[in-house]
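Please treat every number below as a calculation from the coordinates, not as lab data. For clarity, every value in this text was computed on a predicted model and none was experimentally measured. Reconstructed Cβ throughout: ideal geometry from the backbone, glycine too, with neighbour counts over all protein chains shown.
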Protein chains: 2
Amino acid sequence: MKLITRDTDYAVRALCFISGSKKNRVSVGELVGVLKIPRPFLRKILQILNKKKLLKSYKGQGGGFALVKSHDKILLTDLMKIFQGPLKLNECVFKKQVCPNIKTCKLKKKIDKIEKYVISELKGITLAHLL
Amino acid sequence: MKLITRDTDYAVRALCFISGSKKNRVSVGELVGVLKIPRPFLRKILQILNKKKLLKSYKGQGGGFALVKSHDKILLTDLMKIFQGPLKLNECVFKKQVCPNIKTCKLKKKIDKIEKYVISELKGITLAHLL
DNA sequence: GTCAATGATACTAAATTTATATCATTTGTC
DNA sequence: GACAAATGATATAAATTTAGTATCATTGAC
Ligand code: SF4
Ligand code: SF4
């Protein structure tokens, strides 16, 4: 029942730091020093963010990562989708089979309603709100 | 990002069936037939519900399980607490250490707000609503 | 006493989350 | 161009949580 996983959390922290940094590139080494995130894990996260065009990477000496968009254009839900998959609070799929009750299930309806609210709230959160 | 886990879901289904049954006791065998839940897993779930006083069990031939309270007194959150632990959408605990940012973290504040709503909604759901 | 039911408990398997490790590639500096 | 400092790509491993199984003991109606 965890809304965000650790990689999303780490991504938020890293992006926040990069956004707040005066340099226009920040290296993994610097981030590791500040954020205390295990280096290889953070590296993986940043590489994914680069692939997904939320960061631009620069190789070679003096390289690092920089934001691509302004902080108010980066949505928390972008990160959640990247690291956690689709925004859903209930799958109703067991062993790759959709639950047969799905059409009528009242529990699902209740959860769907909650989900709708949660997602709408999440969608309003940008990186700028998290600085 | 799953609000309820499978055991909670199974518990809901089992309780709903028991509640709707004309008999005053329902055996695991009958439930397995109807709900298609793996027998040993369902047994475990029912035994827990018995221990937690949401069901009363009857041993021996003709035995089974019966509701203890009326269906509008059984809360979904009771089940969630039993099978999923405390109602929380974010722990902010990594490797048994509370996150040092917890006092000031804006992400946490956002999630806390969402959590508050979610929990208040969940608390309003009884078994009666799920029949 | 037998048999059909649950109680207690230990174990196993699968899936997801959280990392780690290694080698290749790029690029700035000398 | 050699070198070093950075990321890219990718494979693997460890830890945790979720899901499911197996076994034997106990109870109670008949
Ligand atoms: S029983 Fe309802 S909530 Fe559970 S999986 Fe089926 S549809 Fe979804
Ligand atoms: S950074 Fe914020 S949200 Fe993440 S664990 Fe720390 S306090 Fe919680």
Estimated FRET transfer efficiency when R0 is 25 angstrom, pair A:VAL98-B:LYS116 (beta carbons, to 0.05): 0.20
Over chain A: helical MRE at 222 nm, DSSP H runs n ≥ 4 each giving -39500 (n - 2.57), nearest 500: -15000 deg cm²/dmol
Relative contact order computed over chain B (Cα-Cα under 8 Å; 6+ residues apart), in percent: 28
Selection from A:PHE83, A:CYS99, A:LEU67, by position along the positive dipole direction of the stretch A:6-130 (Cβ): A:CYS99
Vicinal HN-Hα couplings computed from phi for the stretch B:115-120 (Karplus, 6.51 cos²θ - 1.76 cosθ + 1.60; Hz; Gly/Pro x): 4, 4, 5, 4, 5, 5
Histogram of C-alpha separations across the stretch A:6-130, 5 Å bin width, %: 2, 10, 18, 19, 15, 10, 8, 8, 6, 3, 1, 0
B:ARG39-A:LYS81 pseudo-label distance in nm [points 7 Å out on the Cα-to-Cβ vector]: 4.6
Net charge, B:LEU42 excluded, C-beta distance under 13 Å - Lys, Arg +1, Asp, Glu -1: +3
Cβ neighbours within 10 Å from other chains - mean over B:113-124: 3
Convex hull (Cα only) mean projected area of the protein assembly as shown, reported in nm² to one decimal: 16.2
Cut-off 14 Å, label 7 Å out along Cα→Cβ of A:VAL68, residues of the stretch A:37-52 by amide N: A:46-52
